[in-house]
1. Based on the alpha-carbon gyration tensor of the range 36-93 and its eigenvalue square roots a ≥ b ≥ c, which shape applies: rounded if a/c is under 1.5, prolate if not and a/b is larger than b/c, or oblate?
2. Can you send over the carbon and sulfur percentage of the accessible area for the chain, probe radius 1.4 Å, protein chains only?
3. Can you show me the helix-derived [θ] at 222 nm for the chain, built from DSSP H runs with n ≥ 4 at -39,500 (n - 2.57) apiece and divided by the number of residues, rounded to the nearest 500.
4. In the range 101-119, which residues have a backbone nitrogen under 19 Å from the label point lying 7 Å from Val28's Cα in the Cα-to-Cβ direction?
5. When ligands, DNA and RNA are left out and all protein chains stay put, how many square angstrom of accessible area per residue does the range 37-111 have with a 1.4 Å probe?
6. Extending each Cα 7 Å along its Cβ direction at Ala117 and Leu92, get the distance between those two points in nm, one decimal.
7. Report, in degrees rounded to the nearest 10, the 0 to 90 angle that the Cα long axis of helix 10-35 makes with the longest principal axis of the chain.
Amino acid sequence: MKQTYLSGNSLDLKLWRLQRSSAIVVMVLVAIHLILQFIVFNSDAITFLEVSDRIKSGFILAIDVVLLISVSIHGYLGFRSILLDYINSSRLACFITYTILVAIASTILYGLVALRAFI
């Protein structure tokens with residue numbers, strides 16, 4: 001059996017649970033997004049002005065922000081899990097974990113700045 005090189009603290013378990021929880025949030029929000037896009041708004045050709053008008057309502061903006069955060073968390077923590085399957089050093093595992101956390105924060109910040117263009 002392969003030895004696991006996790007830090008041994010509760011951070012690993014918290015990140016594992018966060019990755020699984022974010023999957024549920026992503027599934028719910030993607031379903032809401034698709035229902036809004038194709039049933040409620042019935043848009044075939046999407047324009048910048050339409051998207052901007054929708055995002056200016058607080059509800060759509062809130063959905064997009066939470067979707068951005070949950071997708072970033074889920075994707076990066078999933079990538080972290082894959083990388084940790086092949087790591088033979090707890091020091092490298094720790095480096096990867098903190099690098100992933102910085103990448104999550106950076107992606108969310110960049111996404112929020114990009115969403116601001118629509119407001």
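The values are calculated or read from the model by the stated rules, or taken from the named source; none is laboratory data. Everything numeric in this text was worked out from a predicted model, so none of it was measured. Here the Cβ is made from the backbone with ideal geometry for all residues, glycine too, and neighbour counts use every protein chain on show. SASA here: full protein model, heavy atoms, side chains in, ligands and nucleic acids out. Shrake-Rupley method; radii C 1.70, N 1.55, O 1.52, S 1.80 Å.
1. On the way: a/c = 4.38, a/b = 3.22, b/c = 1.36.
The shape class here is prolate.
2. On the way: 5680 of 8100 Å².
On the chain, the fraction of accessible area on carbon and sulfur atoms equals 70 percent.
3. Value at 222 nm, helices only: -26000 deg cm²/dmol.
4. Of the residues in the range 101-119, none has backbone N under 19 Å from the label point off Val28.
5. Details: 4750 Å² over 75 residues.
Heavy-atom accessible area per residue stands at 63 Å².
6. 3.7 nm
7. With rounding to tens, the tilt is 20 degrees.
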